[in-house]
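S.K.: Starting off with a structure, shown below.
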Amino acid sequence: AQLQESGGGVVQAGGSLRLSCVDSGRTFSNYGMGWFRQAPGKEREFVAAISWSGNAKYYADVVKGRFTISRSNGRSTLYLQMNGLKLEDTAIYYCARKASFDGLYERDQDYDYWGQGTQVTVSS
C-alpha cells in the first residue's frame, strides 16, 4: 500500500476541511483505516478509524460530533470531514492502514502503512 493524503490547509476557527487519502495499492478494501494527528511538541494521537466495510466507525472523544470518517472502496480512498474546527485541531494529519483484524483501532502500533501527512492549520 502507498498512502497519500491531501486536503489540508489553513482555515479559520469554526470552518471546515475535508481530507482525502488515496491508496495506490490493490487491497484497500480489505483493511481497516485510520486517521491520526500530531501537533508540534505533542505525541501522535488517534483521531478516527473505520472498518474495512465502513460499517464500524470509531472517534476520539475530542472530535466526536465534529469529524466524520468515511471511505470509498471503489475509489480506494479514505476521507475525513472536519467541521467546527478549533485552534487545537492544528496538526499534521496522517492516514494509516490497520495491519490486521486484531489489535485496537485507537492504537497506532496496530497500523502498518502510513501516509506522509497533510498539514491542517486552524487560525483565530
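The values are calculated or read from the model by the stated rules, or taken from the named source; none is laboratory data. Model, not experiment: these values are computed from the prediction. A quick note on method: Cβ atoms are made from the backbone with ideal geometry, for glycine too, and the neighbour counts reach across all protein chains shown. Accessible surface areas use protein heavy atoms only, side chains included; no ligands, DNA or RNA. Shrake-Rupley method; radii C 1.70, N 1.55, O 1.52, S 1.80 Å.
S.K.: Hey, Met82 hits all of (1) over 18 Å from Tyr113 (Cβ atoms); (2) surrounded by fewer than 22 Cβ atoms within 10 Å (Cβ to Cβ) but one; which does it fall short on?
M.R.: (2)
S.K.: Something else: Here are some residues: Thr68, Thr77. Which one is in contact with an Asp or Glu (Cβ under 8 Å, 6 or more places away or on another chain) and either open to solvent by 80 Å² or more (accessible area, probe 1.4 Å) or not aliphatic (A, V, I, L, M) (or both)?
M.R.: Working: Thr68 fails: in contact with an Asp or Glu (Cβ under 8 Å, 6 or more places away or on another chain).
One residue alone meets the criteria, Thr77.
S.K.: Continuing with the same structure: Quick check on this structure: which one of Gly25, Gly41 is surrounded by fewer than 21 Cβ atoms within 10 Å (Cβ to Cβ) and under 18 Å from Val122 (Cβ atoms)? Outline the logic, then answer.
M.R.: Details: Gly25 fails: under 18 Å from Val122 (Cβ atoms).
Residue meeting the stated conditions: Gly41.
S.K.: Look at Leu104 and say whether it is open to solvent by 60 Å² or more (accessible area, probe 1.4 Å), at pLDDT below 95 and aliphatic (A, V, I, L, M). Talk me through it step by step, then tell me what you get.
M.R.: Working: open to solvent by 60 Å² or more (accessible area, probe 1.4 Å): yes; at pLDDT below 95: yes; aliphatic (A, V, I, L, M): yes.
Answer is yes for this residue.
S.K.: Among the residues of the range 43-64 satisfying the criterion of being charged (D, E, K, R) and free of Cβ contacts under 8 Å to residues at least 12 places away in the same chain, which is nearest to Arg107 (Cα to Cα)? Working first, answer last.
M.R.: First, pick out the residues of the range 43-64 that are charged (D, E, K, R): 43-45, 57, 61, 64.
Still in the running and free of Cβ contacts under 8 Å to residues at least 12 places away in the same chain: 43, 61, 64.
Details: Glu43: 12, Asp61: 14, Lys64: 17 Å.
Selected residue: Glu43.
S.K.: Based on this model, can you work out whether Glu5 counts as of a type in the set (Asp, Glu), surrounded by fewer than 22 Cβ atoms within 10 Å (Cβ to Cβ) and at pLDDT 95 or above?
M.R.: On the way: of a type in the set (Asp, Glu): yes; surrounded by fewer than 22 Cβ atoms within 10 Å (Cβ to Cβ): no; at pLDDT 95 or above: yes.
No, not satisfied.
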